[in-house]
Amino acid sequence: MRRYWFSILIVLLAAGGIGTYYLIGIRGHLPEYIIETVQGDTKEGAAVVLSGSHYGAMRSEPLDVTTEGSNYLGRNLHLRERLADAGTWFYQDLNIQQLLKDHKAFMRGKNNSGGFYRDAEMVIYAELSTSTRHTNAPYAKLELSMLDEETGKVATFKSIALDEPEQIYNIMNVQRLDNEVHILFRKYESHTSNLAVYAFDSGTGKQLRRIDLKNQLKSKATEYNLNLIANESVSKPSDLIYFTYSEGSEALNRKNYAYSYRTGKLSELSETLWGPDIGGFFTYSLQQDQFYYAEIAPDEVVLSLYHTKTKARKRAYATVTAKQLGVDEIQSAQIQKDRVYLGLEKAGVKGAAVLRLEDGKLLFEGFAVQASGNGQTDEEMKRRLHLNNLVIEHKLKD
């Protein structure tokens, strides 16, 4: 009987070894791709990643294609670890990268981008714990960590109980005003999404007050949504925050409001940040006092700007068309920092363009192509290569 099981074990190990060898061999001969520059400066496309899958005869392989080449998940350990990390996007924020560079020990285990604040004197991180099963502890407990930039000393206040333990919270924004730490929470209730600001003493961690923004709206609606319009640099000081309010499922009736951490008051904006006449698909980026937005259609992208303090609007200050880019379709757009990134398609091939946000000038355009020696036709490439996502990955400069 032992010989029988031993023989089965040998067969299984052999089969597994052959299978592993086969898969490694297949992955070792996967075709290579690269984003080839058609117009502009290749350096401007360095942050562009076209992600998707390559469909082979036996299986599909996830991959990224950049201006430097292609990375397959199955054969790249670093990429596999990166994709397995649910917080990958967190590390794409240049402010977070700078914090990691400057304060590696302090940043260990901290991965909620909405929980960070930084000014010339202090770094603050707020973390919420809701792991209280089988205990009598409040549902939500807050931990505050404050790093003095000059001395490097860290003060930590743990197990700060919020005064509404039955609610479910997410931390959206942290700000410091004098000797107070203000934290914006999203509160989830039945059919509602509310926002509340809690103020804490930065010296003791004691809760000072709570402001429910919904209460200042004086609305009697039972179904409503308050949604933060996040600033692109979430960790930077900013007295004002902006959000939309809508009742029920009527997004068309949404209104824009501004809330001041310093005064504790909110006020309705005279018009929506993205203008009263916008329609269809759009994306936006709030950069301190500048609110940029892009209207996206298959044949064009239209850029506009609204200054939140002066109320000045530059409607359609730049327009870029598919015809100008020589493509069949503009499929997506993202605004980050001083650039606009477009996802493109031409004759079934995916590509990307980079525009200067200031005036819409084209800085880069490129498309995924086969690297030399792939041994497949262009039609085979189109059939096997499916790049459906445009991802922007900035790297901190040394």
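Describe numerically, in nm with one decimal, the distance between label points set 7 Å from Cα along Cα→Cβ at E127 and at T204.
Placing both labels 7 Å along Cα→Cβ, they lie 2.5 nm apart.
Excluding ligands, DNA and RNA, what is the solvent-accessible area per residue of the range 308-398 at a probe of 1.4 Å, expressed in Å²?
53
Can you run phi through the Karplus equation (6.51, -1.76, 1.60; θ = phi - 60°) for the range 198-203 and list ³J(HN,Hα) in whole Hz, with x for Gly and Pro?
10, 10, 10, 6, 6, x
How big is the range 235-294 by the Kirkwood estimate over distinct Cα pairs, in Å?
For the range 235-294, inverting the mean 1/r across all distinct Cα pairs yields 12.9 Å.
What lysines could a cross-link reach from K187, if we take a straight Cα to Cα line under 22 Å and drop same-chain neighbours fewer than 8 places away?
K110, K141, K158, K206, K214, K218, K220, K255, K265
Figure the gain on full extension for T319 and N179 (residue separation times 0.36 nm, minus the Cα-Cα span) and round it to one decimal in nm.
Length gained between T319 and N179: 45.8 nm.
Taking N as the number of residues in the range 243-339, what is its Cα Rg relative to 2.2 N^0.38 Å?
My calculation over the Cα atoms of the range 243-339 gives 1.22.
The values are calculated or read from the model by the stated rules, or taken from the named source; none is laboratory data. Just so we're clear, the structure is a prediction, and the values are computed from it rather than from any experiment. All Cβ positions, glycine included, derive from the backbone under ideal geometry; neighbour counts span all protein chains shown. Each accessible area value is taken on the protein alone, full model and side chains, heavy atoms only, with ligands, DNA and RNA left out. Shrake-Rupley method; radii C 1.70, N 1.55, O 1.52, S 1.80 Å.
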